[in-house]
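Input: a single structure, listed below in structure tokens.
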Amino acid sequence: MSSRLIFWVSAIVRVSLVLLGTALACYFWGSLPGLLLGLFGMLLLFFIQLFYLQRLADWLDNPVAHDYRMAGVPGPTYFHVCISCDAATKKIRQN
């Protein structure tokens with residue numbers, strides 16, 4: 001499965017779960033509470049994406065110096081980043 005397909009499937013599943021929760025809340029508690037729950041769910045997804053976007057922006061600003069272990073989240077180790085940088089540097093020098 002390609003990474004692009006995995007991205008779209010997970011995004012569709014997340015939004016579908018919010019829509020299902022909204023529909024169930026509308027059915028059981030009425031329109032206003034259901035729509036408020038749906039709004040809360042979509043805002044939650046929005047802020048999660050902003051968190052990921054901030055992590056990406058931090059990494060793009062300084063990919064080598066950023067240490068994911070300090071943040072407590074899994075990510076590439078310094079060793080892997082250095083190997084990638086060394087390989088890219090060698091390729092540039094060869095050209």
Considering only helices (runs of 4 or more DSSP H) fully contained in region 1-86, which possess at least 1 residues that are open to solvent by 100 Å² or more (accessible area, probe 1.4 Å) and at pLDDT 90 or above? 3-29, 31-61
Of everything in region 1-31, what is within 26 Å of the chain's Cα centre (by Cα) and polar (S, T, N, Q)? Give them in sequence order. SER2, SER3, SER10, SER16, THR22
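The values are calculated or read from the model by the stated rules, or taken from the named source; none is laboratory data. None of these values were measured; they are calculated from a predicted model. Each accessible area value is taken on the protein alone, full model and side chains, heavy atoms only, with ligands, DNA and RNA left out. Shrake-Rupley method; radii C 1.70, N 1.55, O 1.52, S 1.80 Å.
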